[in-house]
Structures are given as structure tokens and as C-alpha cells.
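Shown next, in C-alpha cells, is the structure this report addresses.
The values are calculated or read from the model by the stated rules, or taken from the named source; none is laboratory data. All figures in this text were calculated on a predicted structure; none of them were measured in a lab. For neighbour counting, all protein chains shown are included, and Cβ atoms are generated from backbone atoms with ideal geometry for every residue, glycine included.
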Amino acid sequence: MEMNRSTVTLMDEAGRSLICYVEVSVPIDDHEYALLNPVDYPVDIFGWEMSEEDEEIIQPIEEEELTEIFPTAQAVLAEQNLKLKRSALSLTVEGDLPDVDEEEILVLELEEEDILSEQDEYQLLATFFHEEQEYSIYTPIDPVLFVVRLRDNMQPELLSPQEFKAIQPKLQPLLEERLMDDLD
């Protein structure tokens, strides 16, 4: 049963919106900060290319390419009763995701200066071709969360990387504490 959780709408510069649940909020230095979780599922579309060693390499796609393939991606997901949207900050799908198939999980390893910094796991939703190019649509297995400052009217404002870095030492322990309290 779905709890009655409050939602807010994030907006981007292009005027696109993303409706999010407010997971937790905490006051710090006369401001209210919140952790947001999108109502719809964020997705990424990747292209596949062959390397010189004949290995398949996954590539993020550019905005221009996304505009070209978007109708095909929408049609492929519609076959699974999923609605692909161009939301603020991310593509999203509305609908019920299929169960996770362990065979269809993609693990992306992000490296910074030859140090493995992160591993992200993605669930495959669909694969399709557009003009002989193969594409795959994935959704992250872990939730995608956004940290925002809530203005007086509950309008969320994304923090710049510098603001987030400055407030993180105060914010992170409070958010973790609130999340743990909500789990109990």
C-alpha cells in the first residue's frame, strides 16, 4: 500500500519538470534541505559500438542523437506498457518495471585517475535499432536521489556542486539519521 507522501516538482532550464517524492527534509542554517526521489523511474539510453579489439563498448548518447531516436525508444517501451518521458534532469519511464533479471544487469565502473571510484548497476528494459545502430535502455537498480534546498513555497532548488560540497558535512549525517528514523 502506497503511503501518502508529499511531492514537489523540480524544473530545469528548458522548462521540463520532474515530480519527486520528498523522502526526508532537514533544517540547516535557516534553510530547509530535502532528499528527493523521482516518482517515475529514471532511465538512460546507451549506444553500442565495436572497439578495434572487436569488443562491444557502451557509449552515452548526445542530445541531438537522443532527439533522433526518442520516438523509436518510446515505441519500444510502449510495448511493455511503459511511457518514456523527457523529464527535467533525466529521461524517465512511467509504469510498472519488469522484475530484475540477474542475467540482464549491466555494471558500469567509473574510474577517476585510474582508481575505481564507483560501480553502478542497471537493469535492461529494452534494446532496439535505429539506422543500423544498436541502443539499449537501462534503469538504475539503486534509487536516483537529488539533494535540494526547499524555498518558502516548497519549490525545490538544486544545489550547485560548490553549494553541495560546502553543506555536505552538515547535511549528510542529518539526512542519514532521518532516513534511519523513518525505517524504524
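A compact table of results
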read-out: Residue list for segment 142-183, restricted to those being under 26 Å from Val107 (Cβ atoms), assigned to a helix (DSSP H, G or I) and aliphatic (A, V, I, L, M); value: Leu179
read-out: Sole residue being in a strand (DSSP E or B), assigned by TED's automatic domain parsing to the domain that holds Ala126 and of a type in the set (D, E, K, R), chosen from Glu49, Glu68, Glu32; value: Glu49
read-out: Odd one out for Ala14 among (1) assigned by TED's automatic domain parsing to the domain that holds Pro156; (2) hydrophobic (A, V, I, L, M, F, W, C); (3) assigned to a strand (DSSP E or B); value: (3)
read-out: Count - residues of segment 52-65 that are without any contact (Cβ under 8 Å) to a residue 12 or more places away in the chain, in a strand (DSSP E or B) and either charged (D, E, K, R) or closer than 25 Å to Phe146 by Cβ (or both); value: 1
read-out: Qualifying residues in segment 63-77 (those that are loosely packed, with under 12 Cβ neighbours inside 10 Å and under 18 Å from Ser87 (Cβ atoms)) - the one farthest from the chain's Cα centre (by Cα); value: Pro71
read-out: Residues satisfying the stated conditions in segment 105-122, i.e. modelled with pLDDT under 80 and not in a loop (DSSP other than H, G, I, E, B); value: Leu108, Glu109, Leu110, Glu111, Glu112, Ile115, Leu116, Ser117, Glu118, Gln119
read-out: Residue tally, condition closer than 23 Å to Ser17 by Cβ and loosely packed, with under 13 Cβ neighbours inside 10 Å, over segment 146-163; value: 5
read-out: Search result, residues across segment 40-60 that are out of contact with any Pro (no Cβ under 7 Å at 6 or more places or on another chain) and crowded, with 17+ Cβ neighbours inside 10 Å; value: Asp40, Tyr41, Val43, Asp44, Ile45, Gly47
